[in-house]
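Beneath this line is the structure, given in structure tokens, with notes to follow.
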Amino acid sequence: MMARVFVSSVIDAPAAEVWRRIGDFNGTPGWLPFVAGSTITNALSANTVGCVREITQKDGLKFLEVLVMLSIVDHTYSYTFVGSPIPVKGHRTTIRLLPVTDGNRTYFEWTSEFDSDPDSEARLVPLMEQNFLAGARELRAQFAVSR
């Protein structure tokens, strides 16, 4: 059975505005507090399916991630690991925004599925939840300040 990580939040800004902040596949350092840098490593632009980014975390860990799905209209994208220091297989992560019409806010959802041995899974699921939640909270804080 695949491990599943699920984090959601409501952000006090319209979905189109939040998408402008997170829709750039190479823009994670602007809203993920644990990311020190992001670089596209192949010849594709940051919003082209197939582009590969190298994420460098503040703790020094590096991840290679390939964009496998992008819908600007639906405010969603998915990526997989192609190089990772953590022991996972079959990884796929999706970020999705939906409009909350009551108050012109945004429902933010970040999910991940992967296979891993039971010991690694028990350690990785809470760590990924913590990281995803840190991103959601940072976005909420950024939009609370900008309003």
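The values are calculated or read from the model by the stated rules, or taken from the named source; none is laboratory data. Everything quoted here is computed from the prediction, not taken from an experiment. Positions of Cβ are backbone-derived with ideal geometry, glycine not excepted, and every protein chain shown enters the neighbour counts.
Things to note:
- Residues of the stretch 58-72 that are in a strand (DSSP E or B) and over 22 Å from Arg20 (Cα atoms): Lys62, Phe63, Leu64.
- If you go through the stretch 90-147 and keep only what is of a type in the set (Val, Ile, Thr) and either part of a strand (DSSP E or B) or within 18 Å of Glu65 (Cβ to Cβ) (or both), you end up with Thr93, Thr94, Ile95, Val100, Thr106, Thr111.
- Among the residues of the stretch 1-18, those that are over 12 Å from the mean Cα position of the chain (by Cα) and not in a loop (DSSP other than H, G, I, E, B) comprise Ala3, Arg4, Ser9, Val10, Ile11, Ala15, Ala16, Glu17, Val18.
- Looking only at the stretch 67-89, residues that are at pLDDT 95 or above, within 28 Å of Asp119 (Cα to Cα) and of a type in the set (Gly, Ala, Ser) come to 1 in all.
- For Val49, the criteria (1) assigned to a loop (DSSP other than H, G, I, E, B); (2) surrounded by 15 or more Cβ atoms within 10 Å (Cβ to Cβ) hold in every case but one, which is (2).
- Unmet criterion (only one of (1) within 18 Å of Pro29 (Cα to Cα); (2) over 12 Å from the mean Cα position of the chain (by Cα)) for Leu127: (1)
- Checked against (1) buried (at least 16 other Cβ atoms within 10 Å of the Cβ); (2) over 21 Å from Met128 (Cα atoms); (3) among the basic types (Lys, Arg), Arg20 passes all but condition (1).
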